[in-house]
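Asker: Have a look at this one before I ask anything.
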């Protein structure tokens, strides 16, 4: 009787561990996340604009229709990524989201005003940037990328529907791309 009870308890504990591990593993295997939705929209290092409130809600329930969004998939495995431009919105925020959907860095216009000048780099690339200050200007905010692939997501508050077109156009003018290429070092 005691042996059967111990086997039952052991089986119950193993089942609980497997159940909990499955729940924690689900986000890593999901394909209906922001990364995969952006993958379907187009190439790496291209800003995808979502300014229509209905489009924002249909794209993701996490997007607030009161904002216009600029989303850029990034890959820093070969070079840092420069995200640069000007946003006329009274409030904007920039998030760096890793491929698993975790926010790694956040910046608002409270820090840098209307100008965005962010360099996303690995720690090794940051050392190179420190040795070569000519590659960036002194106003650049350098952010450490813990993973090679992620998403730079900027959201700009739309105070009035009259401003939505201007904000969407400002988001289109943002640049998101590799800071250097092979020719830079020749």
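Asker: Can you tell me which of (1) part of a helix (DSSP H, G or I); (2) under 15 Å from the mean Cα position of the chain (by Cα); (3) modelled with pLDDT of 85 or more is the one residue 4 doesn't meet?
Answerer: (2)
Asker: Moving on. Among the residues of segment 38-82, which ones are exposed (fewer than 13 other Cβ atoms within 10 Å of the Cβ) and on the phi > 0 side of the Ramachandran plot?
Answerer: Once the filter is applied, which keeps residues that are exposed (fewer than 13 other Cβ atoms within 10 Å of the Cβ) and on the phi > 0 side of the Ramachandran plot, segment 38-82 yields only 42.
Asker: Pick out, from segment 73-186, the strands (runs of 3 or more DSSP E) lying fully within it that include 1 or more residues that are under 18 Å from residue 48 (Cα atoms).
Answerer: Output list reads 81-86, 92-98, 115-121, 149-157, 175-178.
Asker: Here's a follow-up. When segment 153-177 is examined, which residues are found to be more than 16 Å from residue 107 (Cβ to Cβ) and within 15 Å of the chain's Cα centre (by Cα)?
Answerer: 175, 177
So that you can scan it fast, the table gives a plain yes or no per residue for (1) surrounded by 13 or more Cβ atoms within 10 Å (Cβ to Cβ); (2) in contact (Cβ under 8 Å) with a residue 12 or more places away in the chain:
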{"residue": "94", "(1), (2)": "yes, yes"}
{"residue": "116", "(1), (2)": "yes, yes"}
{"residue": "121", "(1), (2)": "yes, yes"}
{"residue": "128", "(1), (2)": "yes, no"}
{"residue": "132", "(1), (2)": "no, no"}
{"residue": "137", "(1), (2)": "no, yes"}
{"residue": "161", "(1), (2)": "no, no"}
{"residue": "166", "(1), (2)": "yes, yes"}
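Asker: What tally of residues in segment 65-92 results from selecting those that are in contact with a helix residue (DSSP H, G or I) (Cβ under 7 Å, 6 or more places away or on another chain) and either without any contact (Cβ under 8 Å) to a residue 40 or more places away in the chain or within 21 Å of residue 170 (Cα to Cα) (or both)?
Answerer: 13
For every residue, the table says whether it meets (1) out of contact with any strand residue (DSSP E or B) (no Cβ under 6 Å at 6 or more places or on another chain); (2) at pLDDT 90 or above.
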site	(1), (2)
20	yes, yes
54	yes, no
57	yes, no
68	no, yes
81	no, yes
95	no, yes
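The values are calculated or read from the model by the stated rules, or taken from the named source; none is laboratory data. Because the structure is predicted, anything quoted here is derived from the model rather than measured. Every residue, glycine as well, gets a Cβ built from its backbone with ideal geometry; the counts of neighbours run over all protein chains shown.
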